[in-house]
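Peer 1: Okay, here's the structure, questions in a sec.
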Amino acid sequence: MTLIADHVDEQPKESPWRERVRALRNMPPVLKILWDSGPGVVSAGLILRVIVATLPFALAKVAQYIIQDIADKVARHQDLPANFWYLVGTEVGLNVLLGLLTRAVDYSDSLLANRYTQYVSVRVMEQAARLDLTTYENPIFYDRLERARVQATDRLAMIQQLGRLFQQVITTLAFSAALAVASPWLVLLLALGVLPSFLGETHYAFLGYAKNFRQTTAKRQMDYLRTVAGSREGAKEVKLFGLNKFFTDRFQALAHAIYVEDTALASSKLIVGGLLGIIGTLGYYGAYVYVIYRTLNGRYDIGEFTFLTTSIQQASSNLQQVFSTASGIADQALFLTDLLAFFEMEPTVKSKPNGLPAPEVIHQGFEFRNVSFSYAGSDRKILSNFNLKLSPGERIALIGENGQGKTTVVKLITRLYDPTEGQILLDGIDLREYDLADLHRQIGVIFQDFMRFEMTAKENIAVGRVEKNYEDGEIEIAAHKSLADTVVAKLGGGYDQMLGRRFEGGVELSGGEWQKIALARAYLRDAQLLILDEPTAALDAKSELEVFERFAELTQGKMALLISHRFSTVRMADRIVVLSGGKLVEQGNHKSLMEEGGLYASMFEMQAASYR
């Protein structure tokens, strides 16, 4: 097994500097996201930062006058000016104001952090829901989705850095302007001292991004190993097959490879960063010595000396912070590439603008017309020139061996996929012409791999049609139809009982009990087309028969499509459709198909023999 997977999507191939510059294009859309998350909080934060950024310069200027007045008093025995104590009071007041406003900035940042995290997390969830199944079946997409989910919250540091950068730039400009007036050489010395550190920081920022990009797949594998080794579902086989060491060793191998790569980069950054830091220190003290020299030669008085040395310290410190913060933002901007690319992804299956509403009453039914389908990246046709008509009030059973296209038919009729060739019609109109959400409201589906929501029993049923507020009576009727009421009757909390073990007080159900809960969702939906795709696989033969007898009773007058490997249940369908090789090879009722003696009869006899 390769420890660090090589097949990552969109590995950075550009030069580091070009990639870094390109990443800055991420900033405008990120700033828009930031603004949209809380315009009022953003505006208040900017105003506060402007004031806080200018206060250090005002304090330094007031301190210059105070020190000069004291020097004149001590050295020349001059009287203190009339406004001296006002200056002292002003300095005290400015410091108090600075402390209060700094706390206000922190408060504003905390509000914005909450707003941003919530807003961007919801955006990620909404975008993930927009994308279709084709996207979800691509493993590369999961790497991108994982990076987007991480970036949605981990890039919070960048949002805070943007505010600090804005503040630091204003403070740096104020003190740099004062130094430039005194001598342009002072600003040049400081800039030359700080620039090498900035270039080094940005270089290592890119290397860190490329490293994390490479490690995405390995980290997902580690997460998977952690989950498998510690999950309730995997506990039995992990213990019985002695898999703990196998999983642990594989996890440690991945972790060690990542550790070695992380350590190598950190060591290089430590050495090179330390050397570049020395250059910055020399630049600072070069400017400092220059001011001392000119003061000793009478060019500056003691007040100006104090102000200029404070300005050098403040300008140097803030200039370093500006470069460091900008480097950090460049680092974060590189990581935001995947988040923004994720937001830009478009589903291939989507509604047309002004799509038609689905029929309130379906008159002609559904029709597959010369439909062929292949999954993305594969030339194999799951369905080939497939034709089928489902009329109103008709119940059809799809049968065939695994991999013959039964579930694909379900996914196509519900428009989770679009055909590669041909058309699927509803009342004579291509499904692609209908509004997708409205179409889905007319269809109720329960798949074999249905979701087991870690919610209450009532909520597990109510998700069948979340756009409607249901009365308890409607929930109970749907549960009665699916036989889920017998499951709920055994729960201590009834319909308010939490299901699953994730949350405190939750109760786990058996596979068959979960399936009855899931079936209740389909009945609650009260759709015109009801589809059961192997939903009763975990039930014993007797329970499955009960479910399907109830299903036959409750789907009178509705279209129904059911898939089951048990021939005893499909016999109740009005029409049985047999698939083989992605094609419809036989159809009819049980009696006529048995009389034909074809594939259906052969499969039926084979299954019946196992019960004899």
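Peer 1: Can you put I396, I47 in order of Cβ neighbours within 10 angstrom, beginning with the fewest?
Peer 2: Final ranking by Cβ density, sparse to dense: I47, I396.
Peer 1: Output the pairs from K352/K389; K350/K481; K350/K516; K352/K583; K211/K245; K389/K411 with a Cα-Cα distance over 22 Å in this structure; if there are none, say none.
Peer 2: The pairs that break the limit, which is 22 Å between Cα atoms, are K352/K389; K350/K481; K350/K516; K352/K583; K211/K245.
Peer 1: Which value in nm describes the separation of the simple spin-label points at H203 and S391, placed 7 Å from the Cα toward the beta carbon?
Peer 2: That separation, rounded to one decimal, is 7.8 nm.
Peer 1: Kindly write out, for segment 34-40 in residue order, the coupling ³J(HN,Hα) from the Karplus curve 6.51 cos²θ - 1.76 cosθ + 1.60 (θ = phi - 60°), rounded to whole Hz, with x marking Gly and Pro.
Peer 2: 4, 5, 5, 6, x, x, x
Peer 1: A further question on this structure: Gap in Å between the Cα centre of segment 475-519 and the Cα centre of segment 340-381?
Peer 2: Computed from Cα coordinates, the inter-centre distance equals 33 Å.
Peer 1: Take every DSSP beta bridge whose two residues both sit in the chain, then give the antiparallel share in percent to the nearest 5.
Peer 2: 50 percent
Peer 1: Fully extended, how many nm does the chain gain between R502 and S267 (0.36 nm per residue separation, minus their Cα-Cα distance)?
Peer 2: 80.5 nm
Peer 1: Most exposed first by the Cβ proxy, i.e. fewest other Cβ within 10 Å, how do D533, D301 rank?
Peer 2: D301, D533
Peer 1: Counting other beta carbons within 10 Å of each Cβ, put M498, M594 in order, fewest first.
Peer 2: On the way: M498 19, M594 15.
Fewest to most other Cβ atoms nearby, the residues stand as M594, M498.
Peer 1: Which residues' amide hydrogens lie under 5 Å from the amide hydrogen of S372, considering only partners 5 or more residues apart or on another chain, with H built in the peptide plane?
Peer 2: Residues meeting the amide H criterion: N385, F386, T420, E421, G422.
Peer 1: Nearest 20 debye, what's the magnitude of the dipole of the chain about its Cα centre given +1 on Lys and Arg Cβ and -1 on Asp and Glu Cβ?
Peer 2: Result for the chain is approximately 1140 debye, rounded to the nearest 20.
Peer 1: What number, rounded to the nearest 500 deg cm²/dmol, is the helix-based mean residue ellipticity at 222 nm of the chain, given -39500 (n - 2.57) per DSSP H run of at least four residues and division by all its residues?
Peer 2: -21500 deg cm²/dmol
Peer 1: Packing-wise, with mean Cβ within 10 Å as the measure, how do 211-220, 85-94 rank, highest first?
Peer 2: 211-220, 85-94
Peer 1: Only one of the values (1) 1.00; (2) 0.97; (3) 1.15 was calculated from this structure for Rg/Rh (Cα atoms, Kirkwood Rh); name its label.
Peer 2: (3)
Peer 1: Over segment 366-609, what is the percentage of antiparallel beta bridges among all DSSP beta bridges, to the nearest 5?
Peer 2: Of all bridge pairs located within segment 366-609, approximately 50 percent are antiparallel.
Peer 1: By the gyration tensor of its Cα atoms, with a ≥ b ≥ c the square roots of the eigenvalues, what is the shape of segment 470-525: rounded for a/c under 1.5, prolate for a/b over b/c, or oblate?
Peer 2: Details: a/c = 1.91, a/b = 1.49, b/c = 1.28.
Prolate is the answer for segment 470-525, as a/c is 1.5 or above and a/b outweighs b/c.
Peer 1: Please report, in debye to the nearest 20, how large the charge dipole of segment 366-609 is about its Cα centre when each Lys and Arg carries +1 at its beta carbon and each Asp and Glu carries -1 there.
Peer 2: Once rounded to the nearest 20, the dipole reads 320 debye.
Peer 1: Which residues' amide hydrogens lie under 5 Å from the amide hydrogen of Q497, considering only partners 5 or more residues apart or on another chain, with H built in the peptide plane?
Peer 2: A457, K458
Peer 1: Grab the beta carbon distance between H480 and A257, set R0 = 56 Å, and tell me the FRET efficiency rounded to 0.05. Mind dumping the intermediate values first?
Peer 2: Numbers: r = 56 Å, r/R0 = 1.00.
Computed FRET efficiency for H480 and A257 comes out at 0.50.
All of the numbers you see were taken from the coordinates with simple rules; none came from a lab. Bear in mind the structure is a predicted one, so any value in this text is a computation, not a measurement. Note that we place each Cβ from the backbone using ideal geometry, even for glycine, and neighbour counts take in every protein chain shown.
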